[in-house]
Amino acid sequence: MFRVKGLEVEGCYLITPTVSMESTCDLIKIFSESQFNIYGLSTEFKEEYYAIAKSGTVRGMHFQLPPEGHDKLITCIVGEIEDVVIDLRKESKTFGKFTKVNLNEENKNLIYVPSGCAHGYYIKGNKEALIYYKVTKPFIRSLRGGVHWNSLDIPWSFDYNKVLVEHEDTTWPKFEDFTSPF
């Protein structure tokens, strides 16, 4: 059984998974078609990824352009990330809003991100993070888009002068200069 909590962005959910604890192994269920169907979440995942990210790095805010936009299911298996989602859907009642959650190896939580939202994260602490994704459509690099990570006064928990940023992530437009395709 999952605990599913709606977040500040419409259609975005924090999912607390089932953990079966035994003396030598914890078994963590991160997906159940029947449980996801109860909440109307997509179960048609097409690809899965994992990322290994350096401590002190911010990534984002990424999305895939229509018509290939995809829903994402994300968790942090090792380490800890501050995960952020921005609603880019013009018709959404939460357009221009963001939500922020911590995902880590201790809480084992997941975040469900609907298509039309930008996603990014900051690797907290002093060890690498292992981040796992499921997506409902294949990744197509030529359809990758983004919004600058330093938009909307997101209260990131890092010193802006010391954070590591991938070059690509410095080139995305600020939210206020962005024209949404969603």
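Since every read-out is calculated from the coordinates, none of them should be taken as a lab result. These numbers come from a predicted model, not from an experiment. A quick note on method: Cβ atoms are made from the backbone with ideal geometry, for glycine too, and the neighbour counts reach across all protein chains shown.
Would you calculate a helix-derived [θ] at 222 nm for the chain, using -39,500 (n - 2.57) for each DSSP H run of n ≥ 4 and dividing by the full residue count, to the nearest 500?
Working: 2 runs with 10 residues, N = 182.
Computed ellipticity for the chain at 222 nm equals -1000 deg cm²/dmol.
Roughly what % of DSSP beta bridges within the chain run antiparallel, to the nearest 5? Numbers along the way, then the final one.
Details: 49 of 51 bridges.
Around 95 percent antiparallel, to the nearest 5.
Is there a quick way to get the dipole size of region 46-182? I mean about its Cα centre, with the Cβ of Lys and Arg at +1 and of Asp and Glu at -1; what is the value in debye to the nearest 20? Numbers along the way, then the final one.
Numbers: 18 positive and 19 negative charges, 46 e Å.
Approximately 220 debye in magnitude.
HN-Hα J couplings of region 137-149 from phi, Karplus 6.51/-1.76/1.60, θ = phi - 60°, integer Hz, Gly and Pro as x?
9, x, 6, 10, 3, 5, 9, 6, x, x, 10, 4, 4
Excluding residues fewer than 8 places away in the same chain, name every one of the lysines whose C-alpha is closer than 24 Å to that of K162.
Excluding near neighbours in sequence, the set is K54, K100, K124, K127, K174.
Which of the chymotrypsin sites (Phe, Trp or Tyr not before Pro) found in region 134-181 are loop residues per DSSP with 13 or fewer other Cβ atoms within 10 Å of their Cβ? Mind showing how you got there, number by number?
Values: sites: F139, W149, W156, F158, Y160, F175, F178; in loops: F139, W149, W156, F158, Y160, F178.
Passing both the DSSP loop test and the Cβ count: Y160.
Using the charge dipole of the chain (Lys, Arg: +1 at Cβ; Asp, Glu: -1 at Cβ; taken about the Cα centre), state which of T16, W149, C117 has its Cα farthest towards the positive end.
Farthest along the dipole direction, towards plus: C117.
Please go through region 1-40 and write out the trypsin sites (Lys or Arg not before Pro) that DSSP classes as loop and that have at most 13 other C-beta atoms within 10 Å.
none
Compute the length gained on full extension between T24 and R141: take 0.36 nm times their separation in residues and subtract their Cα-Cα distance, giving the result in nm to one decimal.
Values: separation 117, 0.36 × 117 = 42.12 nm, distance 4.07 nm.
Difference between extended and current length: 38.0 nm.
Let's see if you can work this out: charge +1 on each Lys and Arg Cβ, -1 on each Asp and Glu Cβ, no other charges. What is the dipole magnitude of region 1-113 about its Cα centre, in debye to the nearest 20? Kindly include the intermediate steps, with their values, before the conclusion.
Values: 13 positive and 17 negative charges, 68 e Å.
So the magnitude is around 320 debye.
Starting from the Kirkwood radius over alpha-carbon pairs of the chain, derive D by Stokes-Einstein at 10 °C in a medium of 1.306 mPa s and give it in µm² s⁻¹.
Working: Rh = 16.7 Å.
The diffusion coefficient I find is 95 µm²/s.
Convert each backbone phi in region 65-78 into a coupling constant with the Karplus relation 6.51 cos²θ - 1.76 cosθ + 1.60 (shift: θ = phi - 60°), then list the ³J(HN,Hα) values in order as whole Hz, x for Gly and Pro.
With the stated coefficients, region 65-78 comes to 5, x, x, 9, x, 9, 7, 10, 10, 10, 9, 10, 7, 10 Hz.
How large is the dipole of region 50-122 about the Cα centre if only Lys and Arg carry +1 and Asp and Glu carry -1, each at its Cβ, rounded to the nearest 20 debye? Let's see the in-between values first.
Values: 9 positive and 9 negative charges, 46 e Å.
Value, rounded to 20: 220 debye.
With an 8 Å Cα cut-off and a minimum separation of 6 or more residues, compute the relative contact order for the chain in percent.
Numbers: 418 pairs, mean separation 53.9, N = 182.
Averaging sequence separation for qualifying contacts and normalising by length gives 30 percent for the chain.
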